[in-house]
Amino acid sequence: MTDWRSALRIHDPGLVSLRSAVRAAIVMPAVFAFADKVIGNPQLATFAAFGSFAMLVLVEFSGPIRSRLIAYVSLGCAGAVNITIGTFCSRSTWLATVAMAVIGFVILFSGIINGYFAAASTSALLTFILAAMVAAPDSALPSRLGGWALAAVVGTAAQLLIWPLRVQAPLRTDAARATTALAGLAATELEQDAPTIADRVREAGAALRDLRGRFLAAPHKPSGPTRRQAALGSLVDELDWIFSLLAPPAQPPALDVCPQENAAALSAIVDALRVTSVTLESGEGRPDIGRLQETRRDLAHALARRIVALPSVADEAALRSTFASAFRIRALSGGAEQAARYALAATGHALADADEQLPRRAVLHATERTTVEHTSPRDVWFRNSIRGAIGLAIAVYVAQRLGVQHGFWVVLGTLSVLRSNALGTGWSIVSALAGTAVGIVVGALLVIAIGSHENVLWVVLPFAVLVGSYAPRAISFAAGQAGFTVVLFVLFNIIQPVGWRVGLVRIEDVAIGFAISLVVGVLFWPRGAAALLRENLADAYARNADYVVAAERDLVAGGDGAAASAAAAAAAAHRLDDAYRQSLGERAARSDGSVNFAPLVAGAARLRRAAQSLSALAQLTDGHERLTACAANLDGEVHALRAWYVTLGDALVRGTSPPPPHARDAAGRSRLVDCVRAALASGDRAKMRPALDLIWASEHLDSLWQLEEHLSREAASVT
């Protein structure tokens with residue numbers, strides 16, 4: 001068994017694909033037989049057959065049963081609308097072409113909203129394509145809708161009741177494993193178990209790489225208007241941030257004035273991470289966020305008291321080391337708190353207090369914001385939607401003008417192989433043609449052997465559906481094309497016996513579709529995501545650097561000036577994520593992994609995370625006294641940082657040498673430390689929070705400066 005599975009490269013963990021294929025093999029022929037033999041309406045039978053394929057083979061929603069039910073019902077309603085519009089357009093070439101362009105773009109672009117929309121896109125497109133490409137009078141609409149309704153109802157029931165897909169959360173499981181590893185690494189530091197630190201670092205790093213790999217395997221980042229999706233998508237970046245603070249653990253500070261408070265905060269971090277892992281794994285457990293906040297406050301108060309008590313001649317380097325140590329523990333505590341909040345939100349728990357990072361926005365508002373973010377020529381999802389809509393519209397026009405038999409196969413052929421760049425499309429065409437050719441040979445041999453025995457064709461149909469459903473999921477795209485072609489041979493010879501000639505029609509139609517797809521891929525953004533990735537990296541660095549500057553201004557002068565910068569940075573981050581995911585797929589198709597942009601993408605995320613932390617500090621300081629004179633010493637450093645990160649982005653786009661790390665404003669930092677010490681020494685409690693916030697802000701800027709050398713090396717490797 002192992003030998004033939006290995007030879008076919010079958011990959012089906014838990015036999016999920018096999019169960020899905022068996023379900024389709026049982027239900028689809030049964031629905032088709034009922035429509036064809038019992039009802040006896042050809043239009044209804046055709047739409048019932050292809051509707052069953054759309055509901056059972058082309059899509060399978062995961063998640064809680066309620067969410068899945070809503071998704072299937074929504075797909076059923078969308079399909080009914082598409083069939084209605086497609087039927088009205090089926091007798092006019094220009095009307096069908098324009099409608100295909102509009103509907104194609106809307107369906108493809110709507111995938112940015114959430115994963116259900118993206119997963120349902122092919123099924124939704126199939127309903128319009130079938131209705132528009134098979135000309136029929138308006139009187140045929142009730143039969144068509146009846147066939148689709150039969151397929152939708154039975155298909156939904158089958159998906160939910162026959163071997164239902166278990167609520168799978170592989171990303172949550174991997175996140176739980178990574179969180180456990182981070183807790184172990186933090187515990188090793190707490191216990192000062194130096195011999196095991198290296199092993200724990202490797203273990204945590206491996207767990208995070210697995211998590212990141214699964215995270216990037218999805219077509220796009222889990223996001224959208226729902227709280228759970230947004231939280232789960234943000235959790236991965238938060239765990240990376242925590243790891244960057246833990247690994248490798250910092251050397252003991254030269255002067256540690258708060259050892260007990262640091263240890264108490266680190267103990268709370270370890271416990272919170274462990275409970276967060278349980279929450280992610282099972283949905284149970286509530287991390288003690290209050291304890292994290294309390295230990296952070298205790299650390300801040302202790303630091304303020306003891307810095308004042310230090311002699312004025314205390315070594316400045318030792319003092320800075322103390323700041324860095326307390327900052328790292330504080331940042332870890334904040335990261336652990338945010339990870340806990342994300343885990344609670346991702347598992348459907350209500351938070352006891354207001355969550356600034358995960359506000360409950362209205363769905364329509366969140367959808368509108370997401371749409372605006374992605375409506376840009378620099379957005380890879382927007383470009384792909386435009387390209388796909390144009391390709392499908394051209395296919396509809398060509399098929400109708402040429403009057404080819406079964407013209408919808410021209411359009412489906414275009415859809416099946418259109419990829420993000422010309423090279424990817426070319427490889428898809430080769431695979432699709434090879435698979436189709438194999439399917440034609442096998443199907444023709446079956447039809448010739450069976451002859452005119454319709455009963456035998458009915459017996460063969462479930463087995464053909466089984467193979468056609470299983471092959472694309474468990475074997476390959478080409479195998480799926482072969483299996484699907486065999487299904488068509490059998491299906492069309494039941495509807496209208498024409499023997500092996502249906503294969504020639506199929507190869508002729510899909511070849512036209514493949515050619516259209518290749519031409520569109522060459523003419524519209526042929527380089528795919530590769531060209532956009534550098535531009536999106538540069539844009540992300542620039543927008544995040546602007547966010548850092550705006551957050552620092554809010555911290556110094558008050559107000560909410562960083563809101564617009566935060567929105568621009570979020571939009572740039574989403575565009576970068578989409579471009580990076582697609583570029584990974586393109587490189588995989590070319591077997592070219594020589595250029596590694598992962599560290600640079602992670603660097604952009606680190607820059608944005610620092611800006612978010614600065615913004616949070618500004619919000620905490622709001623309403624307190626502001627040490628404007630002290631804060632002015634941050635201005636030179638923050639503007640130097642912005643200039644460096646913007647220059648780095650320009651170097652990535654131009655392919656020039658990246659800049660070396662900028663020269664620190666050491667004098668400004670010394671003045672800041674002296675000013676803060678004087679403010680704390682005054683004994684004015686109102687000055688304690690703003691004084692410490694300036695120290696934390698300075699440490700955030702310092703961490704960004706330390707990141708420059710690493711990013712400069714990584715940028716040099718890709719220029």
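The values are calculated or read from the model by the stated rules, or taken from the named source; none is laboratory data. Owing to the predicted nature of the structure, the values given are computational and were not obtained by experimental measurement. Note: ideal-geometry Cβ built from the backbone for every residue, glycine included; neighbour counts use all protein chains shown.
List pairs: first residue in region 238-253 and over 10 Å from Leu182 (Cα atoms), second residue at pLDDT below 55 and not in a helix (DSSP H, G or I) anywhere in the structure, Cβ distance under 8 angstrom, at least six positions apart or on different chains.
Cβ pairs passing all conditions: none.
What number goes with the only condition from (1) at negative phi; (2) surrounded by fewer than 23 Cβ atoms within 10 Å (Cβ to Cβ); (3) touching a residue at least 60 places away in the same chain (Cβ under 8 Å) that Arg200 does not pass?
Looking at each condition in turn, Arg200 falls short on (3).
For residues in region 169-194 being within 28 Å of the chain's Cα centre (by Cα) and polar (S, T, N, Q), which is modelled with the lowest pLDDT?
The qualifying residue modelled with the lowest pLDDT is Thr173.
On the given criteria, is Gly76 touching a Phe, Trp or Tyr at 6+ places or on another chain (Cβ under 9 Å), free of Cβ contacts under 8 Å to residues at least 60 places away in the same chain and either part of a helix (DSSP H, G or I) or under 17 Å from Leu141 (Cβ atoms) (or both)?
On the way: touching a Phe, Trp or Tyr at 6+ places or on another chain (Cβ under 9 Å): yes; free of Cβ contacts under 8 Å to residues at least 60 places away in the same chain: no; either part of a helix (DSSP H, G or I) or under 17 Å from Leu141 (Cβ atoms) (or both): yes.
Answer is no for this residue.
Looking at region 324-348, which of its residues are among the polar types (S, T, N, Q) and at pLDDT 85 or above?
Taking region 324-348 and keeping what is among the polar types (S, T, N, Q), we get 325, 333, 338, 347.
Result: Ser333, Gln338.
So that you can scan it fast, the table gives a plain yes or no per residue for (1) basic (Lys, Arg); (2) under 21 Å from Leu607 (Cβ atoms):
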{"site": "Ala640", "(1), (2)": "no, yes"}
{"site": "Ala651", "(1), (2)": "no, yes"}
{"site": "Pro658", "(1), (2)": "no, yes"}
{"site": "Ala663", "(1), (2)": "no, yes"}
{"site": "Gly668", "(1), (2)": "no, yes"}
{"site": "Cys675", "(1), (2)": "no, no"}
{"site": "Lys687", "(1), (2)": "yes, no"}
{"site": "Leu692", "(1), (2)": "no, no"}
{"site": "Trp696", "(1), (2)": "no, yes"}
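Return the only residue of Ser657, Ser717, Ser670, Ser703 being more than 37 Å from the chain's Cα centre (by Cα) and hydroxyl-bearing (Ser, Thr, Tyr). Even if it seems obvious, please write down each step before you answer.
Details: Ser657 fails: more than 37 Å from the chain's Cα centre (by Cα); Ser717 fails: more than 37 Å from the chain's Cα centre (by Cα); Ser703 fails: more than 37 Å from the chain's Cα centre (by Cα).
Only one candidate passes the filter, namely Ser670.
Going by the structure shown, is Leu126 surrounded by fewer than 24 Cβ atoms within 10 Å (Cβ to Cβ), among the hydrophobic types (A, V, I, L, M, F, W, C) and within 24 Å of Ala30 (Cα to Cα)? Before the answer, list the steps.
Values: surrounded by fewer than 24 Cβ atoms within 10 Å (Cβ to Cβ): yes; among the hydrophobic types (A, V, I, L, M, F, W, C): yes; within 24 Å of Ala30 (Cα to Cα): yes.
Yes; evaluated as a whole, the condition is true for this residue.
Considering only helices (runs of 4 or more DSSP H) fully contained in region 112-191, which possess at least 3 residues that are assigned by TED's automatic domain parsing to the domain that holds Trp241, small (Gly, Ala, Ser) and in contact (Cβ under 8 Å) with a residue 24 or more places away in the chain?
Details: elements: 115-119, 121-133, 141-161, 170-190.
By residue number, 170-190.
Just to verify a result, which residue in region 13-63, among those that are of a type in the set (Ser, Thr, Tyr) and farther than 17 Å from Val467 by Cβ, is surrounded by the fewest Cβ atoms within 10 Å (Cβ to Cβ)?
Step one: of region 13-63, the residues of a type in the set (Ser, Thr, Tyr) are 17, 20, 46, 52, 62.
Narrowing the set further to residues that are farther than 17 Å from Val467 by Cβ leaves 46, 62.
Numbers: Thr46: 21, Ser62: 16.
For region 13-63, the residue satisfying everything is Ser62.
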